[in-house]
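Engineer: Before we start, here is the structure in question, set down as structure tokens.
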Amino acid sequence: MGKIISFSNKKGGVGKTTTVVNMAAYCADYGKRVLLVDLDSQGNATTGLGFSKSALKKSVYGVLIDDEKVSKNVLPTQVPMLDILPANVDLSGAEVDLVYKRNREQILKNALAEVKDNYDYIFIDCPPSLGLLTINAWVASDSVIIPLQSEYYAMEGVSQLMNTISLVKQHLNPNIKIEGVVITMYDGRAIISRQIAAEIKKFFKNKLYEIIIPRNVRLSEAPSHGKPILLYDPKCVGARAYKALTEEFLSRQK
């Protein structure tokens, strides 16, 4: 039975989608069956894997709002063993549409039950907010990975994020836990980056992954080519970091 993990941060621009896309690709490269669910209305995970949002008829929106089966909306990607449940332009209205649905927090969980046995991991790219889509992701998930940028504002939204996860644990999903925290977009030359990385380590202790993701031009270029870094430039420093992070993630699963 697949393990479901949400990648979440209330703050945008912290490398969340970059992390989920590249970890999903490397997990698949290591022989794991992976489904990536794009729950962010910006659809960056979808375009980052080579799909055009505007051209897609199949999407997670149909699953959430029109009660379509996940299996009818999943698409294979250019990475063997990696599938995607994509987002299209319709997803931007999903938060409003969900308000009127029955058991609205449970919809994604119930939908993913159909395919959970088909995958080793189901990764969910959450929107940068704590709205109904994110709540749906957390209710469906076994755990959460939090990408954190090593900059001054990084810790600002974390306490609210942790409080909301605690509320979901209390009322909707007693089994959810923090899987791990990833420091992203790290600039080792900046003293502030080193100081904030030390603060993050102090706060999260053994939940923090040892592998740190550096700032890397090739990582930011890859999505515009519709490829994970594994296919775009597997030898660059960013690719090596995500490969090592995935190895650390998989070793912790044992």
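The values are calculated or read from the model by the stated rules, or taken from the named source; none is laboratory data. What you see is a predicted model; the values in this text were computed from it and never measured. Cβ placement follows ideal geometry from the backbone for every residue including glycine, while neighbour counts extend to all protein chains displayed.
Engineer: Please go through the range 60-86 and pick out each residue that is within 13 Å of LEU35 (Cα to Cα) and small (Gly, Ala, Ser).
Structural biologist: SER71
Engineer: Moving on. Out of the residues in the range 131-157 that are in contact with a strand residue (DSSP E or B) (Cβ under 7 Å, 6 or more places away or on another chain), among the hydroxyl-bearing types (Ser, Thr, Tyr) and surrounded by 22 or more Cβ atoms within 10 Å (Cβ to Cβ), which is nearest to GLN170 (Cα to Cα)? Full working, then the answer.
Structural biologist: If we filter the range 131-157 for residues that are in contact with a strand residue (DSSP E or B) (Cβ under 7 Å, 6 or more places away or on another chain), which is where we start, we get 137-138, 140-150, 154.
The next check asks that each one be among the hydroxyl-bearing types (Ser, Thr, Tyr); those that pass are 141, 143, 150.
Then keep just the ones that are surrounded by 22 or more Cβ atoms within 10 Å (Cβ to Cβ); that gives 141, 150.
Working: SER141: 14, SER150: 30 Å.
So the residue we want is SER141.
Engineer: Of all residues in the range 194-242, how many are within 19 Å of the chain's Cα centre (by Cα), over 12 Å from VAL182 (Cβ atoms) and buried (at least 20 other Cβ atoms within 10 Å of the Cβ)?
Structural biologist: Residues in the range 194-242 being within 19 Å of the chain's Cα centre (by Cα), over 12 Å from VAL182 (Cβ atoms) and buried (at least 20 other Cβ atoms within 10 Å of the Cβ): 9 in total.
Engineer: Next question. Residues that are part of a loop (DSSP other than H, G, I, E, B), under 24 Å from ALA28 (Cβ atoms), of a type in the set (Asp, Glu) and in contact with a strand residue (DSSP E or B) (Cβ under 7 Å, 6 or more places away or on another chain): does the range 119-130 have at least one?
Structural biologist: Within the range 119-130, the first condition is being part of a loop (DSSP other than H, G, I, E, B), and the residues that meet it are 119-120, 126-130.
Restricting the remaining residues to those that are under 24 Å from ALA28 (Cβ atoms) gives 119-120, 126-127.
This time we only want the ones that are of a type in the set (Asp, Glu), so: 120.
Keeping just the survivors that are in contact with a strand residue (DSSP E or B) (Cβ under 7 Å, 6 or more places away or on another chain) gives 120.
Checking the range 119-130: at least one residue is part of a loop (DSSP other than H, G, I, E, B), under 24 Å from ALA28 (Cβ atoms), of a type in the set (Asp, Glu) and in contact with a strand residue (DSSP E or B) (Cβ under 7 Å, 6 or more places away or on another chain).
Engineer: Of all residues in the range 141-181, how many are basic (Lys, Arg) and touching a Ser or Thr at 6+ places or on another chain (Cβ under 9 Å)? Please lay out each step first, then the result.
Structural biologist: Looking only at the range 141-181, we keep the residues that are basic (Lys, Arg), and these are 169, 177.
Those still in the list that are touching a Ser or Thr at 6+ places or on another chain (Cβ under 9 Å) too: 177.
Number satisfying all stated conditions: 1.
Engineer: Say we look at the range 1-27 and pick out the residues that are farther than 17 Å from LEU75 by Cβ and either aliphatic (A, V, I, L, M) or free of Cβ contacts under 8 Å to residues at least 12 places away in the same chain (or both); which of these is surrounded by the most Cβ atoms within 10 Å (Cβ to Cβ)?
Structural biologist: MET23
Engineer: Can you tell me which residue within the range 98-139, out of those that are free of Cβ contacts under 8 Å to residues at least 60 places away in the same chain and among the small types (Gly, Ala, Ser), is farthest from SER59 (Cα to Cα)?
Structural biologist: Only one residue fits best here, namely GLY131.
Engineer: Can you tell me which residues in the range 105-132 are hydroxyl-bearing (Ser, Thr, Tyr) and either in contact with a Ser or Thr (Cβ under 6 Å, 6 or more places away or on another chain) or at pLDDT 90 or above (or both)? Please lay out each step first, then the result.
Structural biologist: Kept after step one, since they are hydroxyl-bearing (Ser, Thr, Tyr), are these residues of the range 105-132: 119, 121, 129.
If the condition is that a residue be hydroxyl-bearing (Ser, Thr, Tyr) and either in contact with a Ser or Thr (Cβ under 6 Å, 6 or more places away or on another chain) or at pLDDT 90 or above (or both), then TYR119, TYR121 are the ones that fit.
Engineer: Still on this model: Got a number for residues in the range 181-233 being on the phi > 0 side of the Ramachandran plot and of a type outside the set (A, V, I, L, M)? Before you say what the answer is, go through the steps one by one.
Structural biologist: Going residue by residue through the range 181-233, those that are on the phi > 0 side of the Ramachandran plot are 185, 205, 226.
If we keep only those that are of a type outside the set (A, V, I, L, M) as well, we get 205, 226.
The number of residues fulfilling the criteria is 2.
Engineer: Among the residues of the range 169-190, is any of a type in the set (A, V, I, L, M, F, W, C), in a helix (DSSP H, G or I) and more than 29 Å from TYR61 (Cα to Cα)?
Structural biologist: First, pick out the residues of the range 169-190 that are of a type in the set (A, V, I, L, M, F, W, C): 172, 176, 178, 181-183, 185, 190.
With the extra rule that they be in a helix (DSSP H, G or I), the set shrinks to none.
No, the range 169-190 contains no residue that is of a type in the set (A, V, I, L, M, F, W, C), in a helix (DSSP H, G or I) and more than 29 Å from TYR61 (Cα to Cα).
Engineer: Answer yes or no: is there a residue in the range 28-35 that is out of contact with any Phe, Trp or Tyr (no Cβ under 9 Å at 6 or more places or on another chain), of a type in the set (Phe, Trp, Tyr), surrounded by fewer than 16 Cβ atoms within 10 Å (Cβ to Cβ) and within 25 Å of PRO147 (Cα to Cα).
Structural biologist: yes
Engineer: While we're looking at this one, here's another question. Scanning the range 43-73 for residues that are farther than 24 Å from TYR100 by Cα and assigned to a loop (DSSP other than H, G, I, E, B), which turns out nearest to the chain's Cα centre (by Cα)?
Structural biologist: Among those residues, the one meeting the criterion is LEU49.
Quick grid of which residues meet (1) free of Cβ contacts under 8 Å to residues at least 24 places away in the same chain; (2) of a type in the set (A, V, I, L, M):
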position: TYR186; (1), (2): no, no
position: ILE212; (1), (2): no, yes
position: SER224; (1), (2): yes, no
position: LEU231; (1), (2): no, yes
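Engineer: Here are some residues: GLU105, GLU114. Which one is of a type outside the set (A, V, I, L, M) and buried (at least 18 other Cβ atoms within 10 Å of the Cβ)?
Structural biologist: On the way: GLU114 fails: buried (at least 18 other Cβ atoms within 10 Å of the Cβ).
Matching residue, one of GLU105, GLU114: GLU105.
Engineer: Could you check how many residues of the range 74-104 are at negative phi and either modelled with pLDDT of 95 or more or assigned to a strand (DSSP E or B) (or both)? Steps first, please.
Structural biologist: Of the residues in the range 74-104, the ones at negative phi are 74-80, 82-102, 104.
Imposing the further condition that a residue be either modelled with pLDDT of 95 or more or assigned to a strand (DSSP E or B) (or both) reduces the set to 74-80, 82-87.
Matching residues across the range 74-104 total 13.
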